Amino acid sequence: MLITEAVLAHAAEKPEKTALVVDHRRLTYQELDKAINEAACELMAFENSFNQAGHTLIGFLLHNSVEFVQYFLAAAKLGLCSALFDPKWADANIDAILGECRPAILVVGIDLLPRLASVPDTTKLIVIDSDSAVQEEIRDHSREGNAAAASAGSAGHRFSRNSTPDSIFYMGFTSGTTGMPKGFLRAQHSWMESFAQAKEAFGLSEADHVLGTGPLVHSLTIYAAIQTLYLGGTFYLPRKFKAATALAMLGACPITHIYLVPTIFEALYHEAISQTPVFTAPQVKSLITTGDKWTPESKRKAGEAFPQAGIYEFYGASELSFVTVLDPAGNKARPDSIGKPFNGVKVSLRKPDGTEAGAGEVGQIYIRSGMIFSGYFNNADETKQVIHGEWATVGDLAMRDSEGFLYMVGRSNNMIISGGLNIYPEEIEKILLSLEEIEEAIVAGLPDAYWGQKVVALVKAKQDAVISDQDIMAHCRKRLASYKCPKKILRVESFPYTNSGKISRASIHGWLAGRGV
């Protein structure tokens, strides 16, 4: 069943059930289905701008809102591809990516219109005013065709365009890498397969009430929203994330599952313990999380704030979708691992010579599943670096134990080569984070005339914690080979983050280069 077909079925079976809650705005399944059809009519008003061959892009430059989900699903219904542009991008990046993608239509928030320095002449605008909960206007950027657009908005619900399982319906953008964000493409069938696997792995059902905590432009949040609606549950989302707002939703709504990244959890926890009495949410059954590996301290905190919740940590990538999951049982047995492959996912760990790595040996992760992406937008060369026949890889490195649990070693493109020896920053970061005084840390390799690269650690201490550079160095020397130990410690008060909640290595390298460290 296609994504919007599932929503239509839920609207017929349980029309009055709440489907979507964004702050204080609620839509039942019947209202959501009607809203999707209305948005589809508006999109179809510009049908003469659609590609007759290949996929047609519908750009989104919106903050979290009911309209975001409405138009995303309308585009999916028509077999169009939603390209999600991040309001956090620099204006120059928005301008450049708009120029490269040249979407047929751009759905843009009225508050973000001033960010558009230029729009391709062929791109039509649909301007949304979410604050007043109405569509502000439909505009043709070339100033023509407004009357036709308004007329088409009242058309019936039978459309000349339809989606198929192979329709490319979603373009997200990678984060945390160097250079401009890269667009990655997903077909409907890949998400429908991931819905089935997530339902089984995370124990999801139509009875669930799911809270999203990030921006809808982030693939974790838009995925969580659409998956919940596909299964027939209720999805909750704050327009703008604030820990206090999210806790208020947890207190007022019967939330059973939360999708989040570790940095969001820390914000929720600190807000929870600041309240009197300390806030807890015993109705929450699971925390579904990805991004950086959770520390033992974070897991302990989760037990305080969400005493009945199991933690489901999954490893995946924009290009690969779900790869492995560490469920609550796995968290007890092998807390340092990234779990075992999802059902339907085959994992091969390959050594540099292409042979399979044995237990305890490091290999590059290759996966085979029905959830792999369809390629990068307008970038066949980089697509070939990821997709190799039926297999795909993004360069991550791992090892497997005798029981089949996988352990992340690092990313091949993060590797530091010092004196001809390979060093994985993630290994050093894990040692640094084992210090109770350290809240966050990242390790980078800097050019060195003698060694080629030298290891530098950037650390953020916990509030009121005191630890010297000498103590940090001594801690590392006890646990790491000497060539892996940081040659320099840099203190920072905050880190830049990607949309997925990870420290942005690209930004860190740029910052270090700018300082001449």
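The values are calculated or read from the model by the stated rules, or taken from the named source; none is laboratory data. Bear in mind the structure is a predicted one, so any value in this text is a computation, not a measurement. Glycine gets a Cβ as well: all are built from the backbone with ideal geometry, and neighbour counts include every protein chain shown.
Worth a mention:
- Filter pass, A19 being among the aliphatic types (A, V, I, L, M), more than 17 Å from P215 (Cβ to Cβ), in contact with a Lys or Arg (Cβ under 9 Å, 6 or more places away or on another chain) and not in a helix (DSSP H, G or I): yes
- Those residues of the stretch 433-454 which are in contact (Cβ under 8 Å) with a residue 40 or more places away in the chain, more than 26 Å from G419 (Cβ to Cβ) and either in contact with a strand residue (DSSP E or B) (Cβ under 6 Å, 6 or more places away or on another chain) or outside the structural domain of I472 (by TED's automatic domain parsing) (or both), in sequence order: E440
- Among the residues listed as A117, A53, the single one being at pLDDT below 95, within 30 Å of V7 (Cα to Cα) and part of a loop (DSSP other than H, G, I, E, B): A53
- Look at (1) closer than 27 Å to M371 by Cβ; (2) hydrophobic (A, V, I, L, M, F, W, C); (3) not in a strand (DSSP E or B) and you find that V466 fails only one, number (1).
- So I97, is it in contact with a Gly (Cβ under 9 Å, 6 or more places away or on another chain), at pLDDT below 95 and either assigned to a strand (DSSP E or B) or crowded, with 16+ Cβ neighbours inside 10 Å (or both): yes
- Residue match in the stretch 172-189 (condition: within 27 Å of T295 (Cβ to Cβ), in contact (Cβ under 8 Å) with a residue 40 or more places away in the chain, surrounded by fewer than 21 Cβ atoms within 10 Å (Cβ to Cβ) and of a type in the set (A, V, I, L, M, F, W, C)): no
- In this structure, Y366 does not satisfy being touching a residue at least 60 places away in the same chain (Cβ under 8 Å), in contact with a Ser or Thr (Cβ under 6 Å, 6 or more places away or on another chain) and either part of a strand (DSSP E or B) or loosely packed, with under 13 Cβ neighbours inside 10 Å (or both).
- Only listed residue being under 30 Å from E493 (Cβ atoms), assigned to a helix (DSSP H, G or I), of a type in the set (K, R) and out of contact with any helix residue (DSSP H, G or I) (no Cβ under 7 Å at 6 or more places or on another chain), chosen from K384, K430: K430
- In the set T383, T355, only one residue is in contact with a Phe, Trp or Tyr (Cβ under 8 Å, 6 or more places away or on another chain) and surrounded by fewer than 20 Cβ atoms within 10 Å (Cβ to Cβ); that residue is T383.
- Checked across the stretch 238-256, the condition of being part of a strand (DSSP E or B) and surrounded by 21 or more Cβ atoms within 10 Å (Cβ to Cβ) holds for no residue.
- Hey, E439 part of a loop (DSSP other than H, G, I, E, B) and surrounded by fewer than 20 Cβ atoms within 10 Å (Cβ to Cβ) or not: no
- Qualifying residue in the stretch 221-229 (condition: closer than 18 Å to A302 by Cα and surrounded by 21 or more Cβ atoms within 10 Å (Cβ to Cβ)): no
- Residue identified as at pLDDT 95 or above, among the aliphatic types (A, V, I, L, M), in a helix (DSSP H, G or I) and crowded, with 19+ Cβ neighbours inside 10 Å among L73, L112, L106: L73
- Hey, K478 surrounded by fewer than 19 Cβ atoms within 10 Å (Cβ to Cβ) and in a helix (DSSP H, G or I) or not: yes
- Any hit, the stretch 271-280, residues being at negative phi, in contact with a strand residue (DSSP E or B) (Cβ under 7 Å, 6 or more places away or on another chain) and buried (at least 18 other Cβ atoms within 10 Å of the Cβ): no
- Checking the stated criteria, V323 turns out to be buried (at least 23 other Cβ atoms within 10 Å of the Cβ), among the β-branched types (V, I, T) and touching a Pro at 6+ places or on another chain (Cβ under 9 Å).
- Of all residues in the stretch 1-46 being acidic (D, E) and farther than 14 Å from Y236 by Cα, the one that is surrounded by the fewest Cβ atoms within 10 Å (Cβ to Cβ): E16
- Among the residues of the stretch 190-226, the ones that are without any contact (Cβ under 8 Å) to a residue 60 or more places away in the chain, of a type in the set (A, V, I, L, M, F, W, C) and within 16 Å of K285 (Cα to Cα) come to 4 in all.
- Which listed residue is at pLDDT below 95 and small (G, A, S), from G310, G360: G360
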